[in-house]
Amino acid sequence: MVWTSRVCFRKYGNFVDNIRLYVRGGSGGMGLPRLGGFGGNGGDIWVVAKKDITLKQIKDKHPNKRFTAGVGSNSSIHALRGAKGEDSQVFAPVGISVTTDDGRILGELNCEGDNLLVAKGGHGGSLHSGFLPSKGQTRQIRLDLKLIADLGLVGFPNAGKSSLLTALSHAKPRIASYPFTTLRPEIGKVMYDDHKQVSVADLPGLIEGAHVNKGMGHKFLKHVERTKQLMFVVDICGFQLASNTPFRSAFETVLLLNKELELYNEELLGKPAILVINKMDLPEAQGRLRELETHLENQEESSHLFPEDVIPKSLMRFTHVVPVSATTGLGLPLLKSLIRQSLEEQNIIETDGQRSERLLKLRREIPTSSIPSWGFSQPT
């Protein structure tokens, strides 16, 4: 099936994919020794997942990035048990992980309404504490987006990633002077005629050695982890970063991209990926494309023709290989259709897998003795 589509672009000039917050639970209230009254506990701090919230909105609304819960009420002759302090809620995007400053994972919020206690209020004064209250828990926490887009564009500088996103969206992503690459993620939206939307991220560019944090190294690779699928964008005429670096053919470029992801995190190679061959409007493109297709059809054999330093241990298998020209629009309608097809196929697989996992979990939870025999006599 071919879907018609139109594309818009939502530009995140100050894209925020992680934020650090100070959270403090409320202090407990004073007890009342002469009457044995208990002070109220302090309020708690909760992070709550909510749709249509961004980390940038949190940053803009709370510039000091401090959240404090209410103090518990003191015990009094009118109310021997003090009231609990008011809880404070931090509304955050769906699909975030919450960690401490030292990297310990506190939890993840994957669905709207999911909530996580991040700072507990102090206890109210009681007999056990000499009627003195305790202070609330204090923490620095980090909120990190786990997923920034359905599809992430992966490629070396000058592969045409920004041009491709521009062709899809008529946007103007900001480009750095060196190494000719996007400064921060730019998110485009492909919107189909049936109102389906697919988000595409032009990620900060990759260079050789990114896995050891060269260039924007780990920042780039961290973003790659946060997309459902990958789209490799390769210049059909090859790539050379600088005059003192080796020239790489299109196939070598594919191998190197593959290797950089593998050296950073082998699990990235398990993501579904589309290979886009860009700049097909150039005169020599057709001949180079035939050469590249031959190598791709025989990846194992072809990879041995190149230096060992560019060969990955595991070769990525692409769901589709699509020749395009971001300049002329060649191949873009087919590419849009295949993007949607690939994502929908992944959703079906994931849905079936989740259904099977839930069924298996239910079977484990049901005691064997409660399963009916359906006509078979029970042993006595």
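The values are calculated or read from the model by the stated rules, or taken from the named source; none is laboratory data. Only a predicted model underlies this, so the values are computations on that prediction, with no experimental measurement involved. For neighbour counting, all protein chains shown are included, and Cβ atoms are generated from backbone atoms with ideal geometry for every residue, glycine included. SASA here: full protein model, heavy atoms, side chains in, ligands and nucleic acids out. Shrake-Rupley method; radii C 1.70, N 1.55, O 1.52, S 1.80 Å.
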List the aspartates and glutamates whose alpha-carbon lies under 17 Å from that of LYS84, not counting same-chain residues fewer than 8 positions away? ASP44
How would you order 126-139, 338-351 from highest to lowest mean count of nearby Cβ atoms within 10 Å? 126-139, 338-351
Just to confirm, what accessible area per residue do you get for region 18-145 at 1.4 Å probe, in whole Å²? 54
Which pairs in the list LYS271/LYS336; LYS59/LYS279; LYS59/LYS222 are over 28 Å apart, alpha-carbon to alpha-carbon? LYS59/LYS279
Report, by chain and number, residues whose modeled amide H sits under 5 Å from the one on GLY107, excluding near sequence neighbours (fewer than 5 apart, same chain). VAL98
Just from the alpha-carbon atoms, what are the Rg and Dmax of region 18-145 in angstroms? 16.5, 51
Under 13 Å from the Cα of LYS189, which aspartates and glutamates turn up, not counting those fewer than eight places away in the same chain? ASP150, ASP202
Quick check for you: with a 1.4 Å probe and neighbouring chains kept, what is the accessible area per residue of region 226-380, in Å²? 58
Assign one of three labels to region 255-348, namely rounded, prolate or oblate, based on the Cα gyration tensor with a ≥ b ≥ c the square roots of its eigenvalues; rounded applies when a/c is under 1.5, prolate when it is not and a/b is larger than b/c, and oblate otherwise. oblate
Considering only protein heavy atoms and a probe of 1.4 Å, how much of the accessible area of region 18-145 is carbon and sulfur, as a whole percent? 51
